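Here the structure comes first, spelled out in structure tokens, and everything after it is commentary.
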Amino acid sequence: MPDFSKSLTRAALAVAPLVLVAGLAAAQTTSEETTDPAETADEGLSLGTEADAGPKVGEAYTAEQNGDWTLRCIKTEDGNDPCQMVQLLSDEEGSPIAEFSLFRLPEGGAAEAGATVIVPLETSLQEQLSIQVDLQTGKAYPFAFCNPVGCYARIGLTSEDVANYKRGNEAAISIVPVAAPDQVVTVRLSLTGFTASYDKTTVAER
């Protein structure tokens, strides 16, 4: 069966230049007949406005890139923009499949840092989410909730966990699909640039 959408597109592309030329010719003829260019040189011309130099208050922006980590911040009125480190995780075909974002916590608690991991909706919540740094023993974390974006695991990282992330090369994040409960899907979390981004991440309030 012929692809009518492609045929229609080719036809439109073939006709478009002719229409454009005809339109320009007609416009030029009309202009020459009815107006004096010297009289209308400044009419209908935009002189432009200065583009906004940066993000507006409340908008997210990328402050810098350290290795495979992005330092993402939120613009505030006082300039003390809170920032967290973020990395998008891709499957074997290079398509984004998950997101890992991390923020630091004040001293004195059981966790030195907190992180949010977002995975696809078709994930088995009962099987939880597991993270293994290099060849060390992995940890399992429960999912907190799901929304139209995906399913969220909110995890706490101890001082030992953070030290392992700083020394490590990569972490393996594993989930189990609902449609294939006998299979495990694993994506790689690069730890290149982790320390540089961690040191610049905002300490969140508890």
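The values are calculated or read from the model by the stated rules, or taken from the named source; none is laboratory data. Owing to the predicted nature of the structure, the values given are computational and were not obtained by experimental measurement. For neighbour counting, all protein chains shown are included, and Cβ atoms are generated from backbone atoms with ideal geometry for every residue, glycine included.
A few notes on this one:
- Some residue of region 71-80 being surrounded by fewer than 16 Cβ atoms within 10 Å (Cβ to Cβ), assigned by TED's automatic domain parsing to the domain that holds A172, free of Cβ contacts under 8 Å to residues at least 12 places away in the same chain and under 14 Å from the mean Cα position of the chain (by Cα): no
- Matching residues in region 147-206 - criterion: being aromatic (F, W, Y) and touching a residue at least 60 places away in the same chain (Cβ under 8 Å): F194, Y198
- Looking across region 113-133, just one residue is charged (D, E, K, R) and under 25 Å from the mean Cα position of the chain (by Cα), and that is E122.
- Scanning region 90-121 for residues that are touching a Pro at 6+ places or on another chain (Cβ under 7 Å) and surrounded by fewer than 18 Cβ atoms within 10 Å (Cβ to Cβ) yields a single hit, S90.
- In the condition set (1) among the hydrophobic types (A, V, I, L, M, F, W, C); (2) more than 15 Å from W69 (Cα to Cα); (3) buried (at least 18 other Cβ atoms within 10 Å of the Cβ), L189 is compliant with all but (2).
- For region 88-130, residues that are touching a helix residue (DSSP H, G or I) at 6+ places or on another chain (Cβ under 9 Å) and either among the small types (G, A, S) or assigned to a strand (DSSP E or B) (or both) total 4.
- A196 modelled with pLDDT under 95 and of a type in the set (A, V, I, L, M, F, W, C): no
- Some residue of region 150-170 being loosely packed, with under 13 Cβ neighbours inside 10 Å and among the hydroxyl-bearing types (S, T, Y): yes
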